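Reading through the structure tokens given below for one structure.
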Amino acid sequence: GNVHYYDFVLKESNFTRLCSTKSMLTVDDSFPGPMIRAHKGDTVYVNVYNQGRYGVTIHWHGIKQPRNPWFDGPEYITQCPISPGTNFTYQVLLSSEEGTVWWHAHSDWTRSSVHGAFVILPAEGTTYPFPKPDGEQVIVFASWYKEDVETLMDEALRSGGLTTLSDAYTINGQPGDFYDCSNETTYRMSVDYGKTYLLRIVNSIMNTDMFVAIADHNLTVVGWDGSYIKPLEVSYIMITPGQTMDVLVTANQSPSYYYMLASPYFDGQADDFDKSITSAIFQYNGNYTPPSIPVYPRNIPGFYDVGAASFYTTKLRSLASPEHPVDVPLNVTTRMFITVSIGMMRCPNDSCSGPDGNRLASSLNNISFANPKLDILEAYYRHISGYYDTNFPDKPPHLFNFTSEDLLTDNVTISDQGTRVKVLNYNETVEITFQGTNVMNSGENHPMHLHGFRFYVVGTGVGNFDNVTDPLTYNLVDPPEANTVPIPKDGWATIRFVASNPGVWFMHCHFDRHMSWGMDTAFIVRNGNTEESTILPPPAYMPPCETDSLYGPR
Ligand code: C2O
Ligand code: CU
């Protein structure tokens, strides 16, 4: 493959949206940040200069980085933050991914303004598994906050409150026609009648899944999370934070202006979520009288439409063709059952401001994850003890009716804080069933994301997972591959992967609110006994663990 070099300059700059101006951290003064384009099999070097005020890291979301965890990026997991005034060069190895993935900051909540698309074209000499589109367009969804996000994060950690709602959602940086002071700058995509476009859609919104539709136009989904799927024709898509979708759309309607809308999906209880809608205009070129208002999509699902969300997700199938084969592991050697909850956390010495010295927290198997002061990869690689424990539980400590309305007893609502990871041997075949819970009536969809791998989503369902009947429904023939899977509210999802990537790999909910409340863990995959199954040597320079990101390890 070829080698590409990018420079990313991280610095604060002023942006005005919704009639108010604020300073925020961006890459190269752009929001969203610059797109990276390369071919499958290439290597990309990104030199990140931090000219901001606090330590930051960048993650290459959806890129496996085989044997190369040093450059994966999550702070305190594979590296310490890049201090202000210094730089760090990431080496990004493109192996099996093809389609659209993305990159984003992986420190505190800086991802809200530090993110961009990462387009991986077919390897030289190969082509798409669908007719070559006439044009391509990256569509990035993000959140806009009038306030400083780091202040909001601090509030969320202290109070656990919902002070973290965005003020707007954006499409390619613009809120669109339905927000104050925004309709002059609404993002417009101009199209020629009769042509087909590949939309490369990235959801970088901080805390909300989205439904997306273009009025009167069908969408054909052809890719998910950096691999191709069987073409699926739909009138809307559902996309969670962390997911990417490749979608074909043909401009085959009467020339006019059509709205592309993204509206939030939420399946929980709280009523105060941001229900606003962001818009762009899908605009035909040519001579015609434009409508006074663009055509509005008639069938975009509503805020609480659980059926529409799961209908969409369960329809995705991998391509499973000779060029894009599936290789679902059939003999599972490590099986994990992980509950995904929002509840309360016991704080050391009752030091938190919530009831009984507790605070709102998220957890996996009742463990609320805390970042260590030295990154786990460094501690593991250099055999430095005291920074993490290897006893992440394979099962939740209490078995109960996870989805009942009434999960309020202390032993299920209060989690313990810890840095507990799961160790896997090289090439183990892993199955994880994630079970959503309704602890404290806070059940909602959780987009679970795994670094270092693409996994097969072999099953998903509603209610409590039944380990006798539900496995009979698994799709082991053409399950889709992904790096982020929605665990439906009060439901479950099962994934499988082969632990063929030695290193340290983070796993977390991709709602940043839940991630910073502790809905995380990490896998350590041991080296195998060949050179090809051994972690690459560390680079000569890794950022030292001296300067923290703004809030540092928690
Ligand atoms: Cu897109 Cu750990 O993240
Ligand atoms: Cu979550």
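Can you list the strands (runs of 3 or more DSSP E) found entirely within region 396-499 that contain at least 3 residues being within 16 Å of ligand 1 (Cβ to nearest atom), at pLDDT 95 or above and closer than 21 Å to residue 61 by Cα? Reasoning before the result, please.
Numbers: elements: 414-418, 422-424, 429-436, 446-450, 455-462, 484-487, 491-498.
In region 396-499, the matching strands (runs of 3 or more DSSP E) lie at 446-450, 484-487.
Condition check: at pLDDT 90 or above and closer than 18 Å to residue 465 by Cβ. Does residue 393 satisfy that?
Details: at pLDDT 90 or above: yes; closer than 18 Å to residue 465 by Cβ: yes.
Yes, satisfied.
Out of all the residues in region 27-41, is one or more without any contact (Cβ under 8 Å) to a residue 60 or more places away in the chain and under 20 Å from the mean Cα position of the chain (by Cα)?
Checked against the condition, which is being without any contact (Cβ under 8 Å) to a residue 60 or more places away in the chain and under 20 Å from the mean Cα position of the chain (by Cα), region 27-41 yields no hits at all.
Consider residue 75 carefully, then state whether it is under 17 Å from the mean Cα position of the chain (by Cα) and surrounded by fewer than 23 Cβ atoms within 10 Å (Cβ to Cβ).
Numbers: under 17 Å from the mean Cα position of the chain (by Cα): yes; surrounded by fewer than 23 Cβ atoms within 10 Å (Cβ to Cβ): no.
Here the answer is no, as residue 75 does not meet what is asked.
Residue 267 - would you say it is assigned to a loop (DSSP other than H, G, I, E, B), under 19 Å from the mean Cα position of the chain (by Cα) and more than 16 Å from ligand 1 (Cβ to nearest atom)?
Values: assigned to a loop (DSSP other than H, G, I, E, B): yes; under 19 Å from the mean Cα position of the chain (by Cα): yes; more than 16 Å from ligand 1 (Cβ to nearest atom): yes.
It is true that residue 267 is assigned to a loop (DSSP other than H, G, I, E, B), under 19 Å from the mean Cα position of the chain (by Cα) and more than 16 Å from ligand 1 (Cβ to nearest atom).
Name every residue in region 305-331 that is farther than 11 Å from residue 480 by Cα and surrounded by 15 or more Cβ atoms within 10 Å (Cβ to Cβ), in order of residue number.
Those that are farther than 11 Å from residue 480 by Cα and surrounded by 15 or more Cβ atoms within 10 Å (Cβ to Cβ): 305, 306, 308, 309, 310, 312, 324, 329.
When residue 504 is evaluated against the numbered criteria (1) at pLDDT 95 or above; (2) away from ligand 1 (no atom under 16 Å from the Cβ), which criterion, by number, is the only one it fails?
(2)
Surrounded by fewer than 17 Cβ atoms within 10 Å (Cβ to Cβ) and over 24 Å from residue 506 (Cβ atoms) - does that describe any residue in region 79-96?
yes
What are the residues in region 99-115 that are touching a Phe, Trp or Tyr at 6+ places or on another chain (Cβ under 7 Å) and either on the phi < 0 side of the Ramachandran plot or free of Cβ contacts under 8 Å to residues at least 12 places away in the same chain (or both), if any?
Going through region 99-115, the residues touching a Phe, Trp or Tyr at 6+ places or on another chain (Cβ under 7 Å) turn out to be 99, 101-103, 108, 112-113, 115.
Selection gives 101, 102, 103, 112, 113, 115.
Just name the residue that is surrounded by the most Cβ atoms within 10 Å (Cβ to Cβ) out of those in region 169-191 that are of a type outside the set (S, T, N, Q) and touching a Gly at 6+ places or on another chain (Cβ under 8 Å).
Residue satisfying both the conditions and the ranking: 191.
Out of 485, 430, which single residue is more than 19 Å from residue 510 (Cβ to Cβ) and either of a type outside the set (D, E, K, R) or surrounded by 21 or more Cβ atoms within 10 Å (Cβ to Cβ) (or both)?
Details: 485 fails: more than 19 Å from residue 510 (Cβ to Cβ).
Residue meeting the stated conditions: 430.
Filter region 474-494 for residues that are closer than 18 Å to residue 229 by Cβ and of a type in the set (D, E, K, R); which is nearest to ligand 2 (Cβ to nearest atom)?
Among them, the one singled out is 481.
The values are calculated or read from the model by the stated rules, or taken from the named source; none is laboratory data. What you see is a predicted model, and the numbers here were worked out from it, not measured in a lab. Neighbour counts are summed over all protein chains in view; Cβ atoms, including those assigned to glycine, are modelled from backbone coordinates with ideal geometry.
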